[in-house]
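Contents: one structure, followed by commentary.
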Amino acid sequence: MTLGLKITNVSKTWNPGGPQPVPAVRNLTLDVELGEFVVLLGPSGCGKSSLLYIVAGLEDATEGSVTFDGLEVTEPSPERSLIFQEAALYPWLTVRDNITFGLKIAGQSPKKQEEAAERLLRLVGLVGAGDKRPHELSGGMRQRAALARALAMQPKVLLMDEPFAALDIQTRARMQGHLLNIWESSQASVLLVTHSIEEALALADRVVVFTARPGQIKAEIPISAPRPRDMRSPEMIDLAIECEALLAEEVEKSFKEQEQELA
Ligand SMILES: Nc1ncnc2c1ncn2[C@@H]1O[C@H](COP(=O)(O)OP(=O)(O)OP(=O)(O)O)[C@@H](O)[C@H]1O
């Protein structure tokens, strides 16, 4: 049995039988090992989210297969937790009740729920915010609460779709630090989508650069520098220049394509 995530020859076409089928992902093969942090970087509309939804089990691939720990992915599962750009918390529940929601559904005892909530509130730096409701929190705090809720289910892989894109730059940098701490202590794998080269380089064990739509893998860049990384070091600057060049070609293609579609 192969442990971890295995994406094999996956293609996704939206509206396949319709008048305007949209090929979003083409023949993509990617493995994410246990505990590995992989970042998907690519131009807007290149199919990154589509791929994440397939891995989450929310959408079917048109072709190919996804397995997790050797089992075919056919539906969502708490072991593959998806986190979006906007924290999807229940507004009527407190932060604590949001965090323990899945545990309650799973039938865990109130004592276990309480212990998990306290541990997770501490882990994401929200001690003291457990009784607040989501609208009382800042964007960064909401996103941390969403992360705590996902972690409560002890996922083996965190799927993150531009999780920090709606946050200001300073909050974003703090959240990246939080995420790295959490990832290191959780032993989960992470598959994170971003537009930001800096974010990709700060976080990833491996950056996977996508082509313009339909998304295919253009390059894979392993990064072995220890974290936290100094983005101004010669090594990181060289990597940023490399990513920028790879991405620029694809952004150009994707703009041309959009112009043709609108003409
Ligand atoms: N539910 C859907 N129905 C039809 N087309 C879709 C659907 N979801 C996505 N698409 C199309 O598939 C293509 C890839 O979209 P996707 O959101 O996966 O890309 P992305 O790389 O995540 O983009 P972005 O970075 O802008 O979020 C786009 O052309 C998009 O319009």
Q.
Test of understanding: ordering 100, 67, 74 by Cβ neighbours within 10 Å, fewest first, what list do you get?
A. 74, 67, 100
Q. Can you run phi through the Karplus equation (6.51, -1.76, 1.60; θ = phi - 60°) for the stretch 51-64 and list ³J(HN,Hα) in whole Hz, with x for Gly and Pro?
A. 5, 4, 5, 5, 5, 5, x, 8, 9, 8, 6, 6, 9, x
Q: Taking the chain as the reference, fit the longest principal axis to its C-alpha atoms, fit the long axis of helix 139-152 to the helix C-alpha atoms, and give the angle between the two in degrees, 0 to 90, nearest 10.
A: 80
Q. Shape call for the stretch 133-187 from the C-alpha gyration tensor, a ≥ b ≥ c root eigenvalues: rounded (a/c under 1.5), prolate (a/b greater than b/c) or oblate?
A. oblate
Q. Given H placed on each backbone N at 1.01 Å, which residues far from residue 83 in sequence or on other chains put an amide H within less than 5 Å of it?
A. 159, 160, 161
Q. Where a ≥ b ≥ c are the square roots of the eigenvalues of the C-alpha gyration tensor, would you call the stretch 70-120 rounded, which needs a/c under 1.5, or, failing that, prolate if a/b is larger than b/c, or oblate?
A. oblate
Q. Let a ≥ b ≥ c be the square roots of the eigenvalues of the Cα gyration tensor of the stretch 160-215; is it rounded (a/c under 1.5), or, if not, prolate (a/b larger than b/c) or oblate?
A. oblate
Q) Roughly how many nanometres apart are two label points built 7 Å out from the Cα toward the Cβ at residue 118 and residue 133? A) 2.7
Q. If you line up the long axis of helix 234-262 against the longest principal axis of the chain, both from Cα atoms, how many degrees apart are they, to the nearest 10?
A. 70
Q: For residue 104, list the lysines whose Cα falls under 28 Å from its own Cα; do not include residues on the same chain fewer than 8 positions away.
A: 112, 132, 156
Q: Using +1 at the Cβ of each Lys and Arg and -1 at the Cβ of each Asp and Glu in the stretch 1-153, identify which of 138, 11, 110 lies farthest towards the dipole's positive end.
A: 138
Q. Can you list the residues, at least 5 places off or on another chain, whose amide H is less than 5 Å from the amide H of residue 40, using H built in the peptide plane?
A. 192, 193, 194, 208
Q. When the Karplus curve 6.51 cos²θ - 1.76 cosθ + 1.60 is applied with θ = phi - 60°, which whole-Hz ³J(HN,Hα) does each residue of the stretch 99-104 get, with x for Gly and Pro?
A. 5, 8, 3, x, 5, 5
Q: Give me the number: length gained by fully extending residue 257 to residue 245, i.e. 0.36 nm times residue separation minus the C-alpha to C-alpha distance, one decimal in nm.
A: 2.4 nm
Q: Fewest Cβ neighbours within 10 Å first, please rank 224, 185, 65, 49 accordingly.
A: 224, 185, 65, 49
Q. Once the Cβ-Cβ distance between residue 165 and residue 63 is put in as r, and R0 is 22 Å, what FRET efficiency do you end up with, to the nearest 0.05?
A. 0.15
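Values in this text are rule-based calculations from the coordinates and carry no lab data. Every value quoted in this text rests on a predicted model; they were computed, and no experiment measured them. Cβ sites come from the backbone with ideal geometry, for glycine too, and all protein chains shown count toward neighbours.
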